Amino acid sequence: MSPDQATFFAQEAPVFQAFAQQFSLDPKVVYLMAGQKGSMPDSVRQRYHEGLDQIARDPFPVHLEPTATTRARIASGYGASVDEIAISRNTTDALSQILMGIEWQRGDEILVSPMDHPAALATVLRLSARFGVKIAQWGVPVHRTATADEVVEAVRKRIRPGVTRVIFFSSPLWPNGQRLPERRIAALAQAAGAISVADGAHYGGMIDPRLDESGVDFWAIAGHKWQCGPGGTGILYIRNHQHPANPTPLPRFHIIRSSARDIPFDGSRPAGFDIGAAMSRYGFPESADWRALGDVCALWDEVGRARIQAWTLNLADYLRQRIATTFGDDALMQPTVDPALKSAIVCFNPFANAQQRIDPDVNMLFRQRLLREYGFRISGSGVGPDGFTRAPDPQAAAFPVGLVPNRDPDTLEPKPFGYTLRANACVWNSVAQMDQFVAASHDLVRKMTT
Ligand SMILES: Cc1ncc(COP(=O)(O)O)c(C=O)c1O
């Protein structure tokens, strides 16, 4: 550990040790998977239960707090204005509404990477079939020394101005935890007259969010992962103003789900139209869920979102160093140099044997034994038969199950890479847990290779 890291951890550990007390995670398990599902902090959960009780006693009023209040509490921490925030059911729901609401013309292209999540790619396949939209792909530079410049160039060269209607990307990417330079990709879209859409399932709650400053037109964010809100909550951002980071006119947009009738029905965006309110009006929610999402966002703001980002990213960096010294540099399966491409998701494979590194069964067993015998919960990359790389992609056979589907950034030839094990550095984790995790992994690899 460098002296700077030691100073950082010594200074911040008391704050995060205290914060960790808020989470009722099973003490027998070190939970390294906020990216699967977060744990609701005790103070939020207590008020959530009170809300459920109140609704059970008197269901008629439905809302525990006005939706606009909850949206405003979310908006302030996420760097957006309240009219740009809608409450969705989760990332998948938000992505469906965004991608299906764009005013597609037959022959338009959507630019995506094969490394995006099945939740997004399924929607892309549906919209392609329904609107006659062509799916164009880009290959993500994923090697350890990859830079944001290389990523931007890999996207730039696939853009066809006038044809590329949407640039879709995830940040961070789920199979290797790589953050993408959101603002620079959004700028490429603006220059090409295209719309940018970001899957931020792992962004909200991990990264200090600056949605207006990102210049991205639409964000889909999970409420229940790193943000630690209730299941079935998500945040949908719709740029509703011309910002310094994105001064282009607002794209026409068709609202898919709303009971609002006093709004435009032709996709137009008149000044003063509170689109976030219209998109948050659909039937009666479980209002305790929504209020809890506002509560957990306010708690994150109180602790400090920049502080949370610094804690989790520094823990992740420390874990990467420990993995590299224990298993060698090749164990890390994500960019580790350019800070613009790093997140709190650490993706690695500790096996030295080439066959073990790509065998889904071996890696699944590793995950299971790590939980059963050592008490660490992690996940893996395995893309199943529902992934984008299955039919109708004619090259599907080149993307074996379990490996991360990608394409060569230059040639676009299929270039899947190894099975990644995914460990998340979460707000409740400590430096000692990172050490213990690497020691446990080391012991288990020894058992599995002898
Ligand atoms: C990148 C990405 N997008 C979307 C999703 C789906 O998330 P949700 O459960 O919020 O719909 C996931 C789930 O892990 C994900 O990793």
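The values are calculated or read from the model by the stated rules, or taken from the named source; none is laboratory data. From a predicted model like this one, the values you see are computed outputs, not experimental measurements. Because the Cβ atoms are built from the backbone with ideal geometry, glycine has one as well, and the counts that use them run over all protein chains shown.
Can you tell me which residue within segment 195-232, out of those that are among the acidic types (Asp, Glu) and in contact with a strand residue (DSSP E or B) (Cβ under 9 Å, 6 or more places away or on another chain), is nearest to the ligand (Cβ to nearest atom)? Here the residue is Asp199.
Among the residues of segment 166-189, none qualifies, meaning not one is within 17 Å of Ile85 (Cβ to Cβ), within 16 Å of the ligand (Cβ to nearest atom) and crowded, with 23+ Cβ neighbours inside 10 Å. The numbered conditions (1) in contact with a His (Cβ under 6 Å, 6 or more places away or on another chain); (2) closer than 25 Å to Thr123 by Cα are all true for Arg257 except (1). Of all residue pairs spaced 6 or more apart or on separate chains, those with beta-carbon atoms under 7 Å, a first member in segment 61-73 that is at pLDDT below 95 and a second member that is not in a helix (DSSP H, G or I) are Val62/Phe284. None of Ile87, Ile102 is more than 16 Å from the ligand (Cβ to nearest atom) and closer than 28 Å to Ser128 by Cα except Ile102. The set of residues in segment 33-45 being within 16 Å of the ligand (Cβ to nearest atom) and touching a Leu at 6+ places or on another chain (Cβ under 9 Å) consists of Ser39 alone. Is it true that Gln436 is more than 15 Å from Asn176 (Cβ to Cβ), exposed (fewer than 13 other Cβ atoms within 10 Å of the Cβ) and at pLDDT 95 or above? The answer is no for Gln436. Only helices (runs of 4 or more DSSP H) whose full extent lies in segment 297-374 are considered here, and the ones with at least 2 residues that are at pLDDT 95 or above and surrounded by fewer than 18 Cβ atoms within 10 Å (Cβ to Cβ) are 305-327, 360-374.
Within segment 163-189, residues that are not assigned by TED's automatic domain parsing to the domain that holds His202 reach no partner that is part of a loop (DSSP other than H, G, I, E, B) and hydrophobic (A, V, I, L, M, F, W, C) with beta carbons closer than 6 Å at six or more positions or on different chains.
How about segment 95-122: which of its residues are surrounded by fewer than 20 Cβ atoms within 10 Å (Cβ to Cβ) and either assigned by TED's automatic domain parsing to the domain that holds Pro414 or without any contact (Cβ under 8 Å) to a residue 60 or more places away in the chain (or both)? Correct list: Arg106, Gly107. Would you please name the residue that is farthest from the ligand (Cβ to nearest atom), looking only at residues in segment 233-256 that are among the polar types (S, T, N, Q) and under 22 Å from Pro285 (Cβ atoms)? My answer is Asn240.
Looking at segment 209-244 only, could you name the residues that are surrounded by fewer than 17 Cβ atoms within 10 Å (Cβ to Cβ) and either in contact with a helix residue (DSSP H, G or I) (Cβ under 7 Å, 6 or more places away or on another chain) or closer than 15 Å to Gly77 by Cα (or both)?
Passing the criteria: Arg210, Glu213, Gly232.
When segment 315-352 is filtered for residues that are within 20 Å of Gly200 (Cβ to Cβ) and among the small types (Gly, Ala, Ser), the ones remaining, listed by number, are Ala316, Ala340, Ser343, Ala344.
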